[in-house]
Amino acid sequence: MDDIVKQAMAKWPNVPDCFGWLGLDARGNWYMRDDRAQAAGAFAGGAKSAKGSLLRHDKLIDFIQRNYGADAQGRWFFQNGPQRVFVELEATPWIWRIQPDLTVLTHTGQSAQVRQCLMDEEGRVYLLTDLGFGLVHTQDVALAADAVQAGLWTLEEMAAPHMPERFGYVISPDLLSKK
C-alpha cells in the first residue's frame, strides 16, 4: 500500500466505504461505474451498459493495483486514501496471466506460485496460488493446458457457483453490505 494512502487513513479514519463504483472484469480490466451503469444492473452477468467505463489512464490503474486488497469478509477493495472503494467482480479477485515459461502473474503484475488448478462446468480454468484464487485469462488457457500436460499442475473440476464460498471471496460486496 502506498505511504500516502496509509497517511490519509491515519488522518481521516472514519471515511465511509464506497460500493458499486468500481469493477474488475474477467480479463483484468478496471471499470468505473457511474449511477447509470449501476442502475443498469449487476456488474457480473448484467447488461453490457452495467459495466461502466473502461479505465485507460495508466497511472490511475497502477495506483488502484498497488492499493488493491481484501478484508476479512472476502470483499476486495481499492484503498483510495482514507476510503475503501469495494470492487464488483465479474469472476474472481485475481486474473492470472501465464508466461511462456509457465510462471504466473496477477493482473496487477505480482508473481504467484500455483497450488491448485481447477476447471468449471464451462471449461474456464482457475488457479489457487499463494496469493489467492483467480481465473486464468482467456488468452492464457493454452499455456495452462501445457502446464497440466507437462505434469506441473493437476486439473480438478468444480462448479463455478461453489467457488466464492470455497475460496473466500465476494462477487458483489454491495449485496453483502445490505444484508
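The values are calculated or read from the model by the stated rules, or taken from the named source; none is laboratory data. Bear in mind that the values here come from a model prediction, so they are computed numbers and not experimental data. Neighbour counts are summed over all protein chains in view; Cβ atoms, including those assigned to glycine, are modelled from backbone coordinates with ideal geometry. Just so you know, the surface numbers come from the protein's heavy atoms only, side chains and all, with ligands and any DNA or RNA stripped out. Shrake-Rupley method; radii C 1.70, N 1.55, O 1.52, S 1.80 Å.
For this structure, a couple of remarks:
- Criterion: within 13 Å of the chain's Cα centre (by Cα) and not aliphatic (A, V, I, L, M) - qualifying residue of 97, 84, 124: 97
Residue by residue, here is whether (1) among the polar types (S, T, N, Q); (2) without any contact (Cβ under 8 Å) to a residue 24 or more places away in the chain holds:
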{"site": "127", "(1), (2)": "no, no"}
{"site": "132", "(1), (2)": "no, no"}
{"site": "136", "(1), (2)": "no, no"}
{"site": "154", "(1), (2)": "yes, no"}
{"site": "165", "(1), (2)": "no, yes"}
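- Unmet requirement for residue 54, which otherwise passes all of (1) under 18 Å from the mean Cα position of the chain (by Cα); (2) farther than 28 Å from residue 19 by Cα; (3) of a type in the set (A, V, I, L, M, F, W, C): (2)
- Candidates are the residues of the range 30-48 that are open to solvent by 30 Å² or more (accessible area, probe 1.4 Å) and of a type in the set (Lys, Arg); the one that is modelled with the highest pLDDT is 36.
- Helices (runs of 4 or more DSSP H) contained in the range 107-179 and holding at least 3 residues touching a strand residue (DSSP E or B) at 6+ places or on another chain (Cβ under 6 Å): 141-149, 173-177
- Here residue 156 passes the criteria (1) loosely packed, with under 12 Cβ neighbours inside 10 Å; (2) of a type in the set (Asp, Glu); (3) under 15 Å from residue 96 (Cα atoms) except the one numbered (3).
- Given (1) modelled with pLDDT of 80 or more; (2) open to solvent by less than 60 Å² (accessible area, probe 1.4 Å); (3) of a type in the set (D, E, K, R), index of the condition residue 27 fails: (2)
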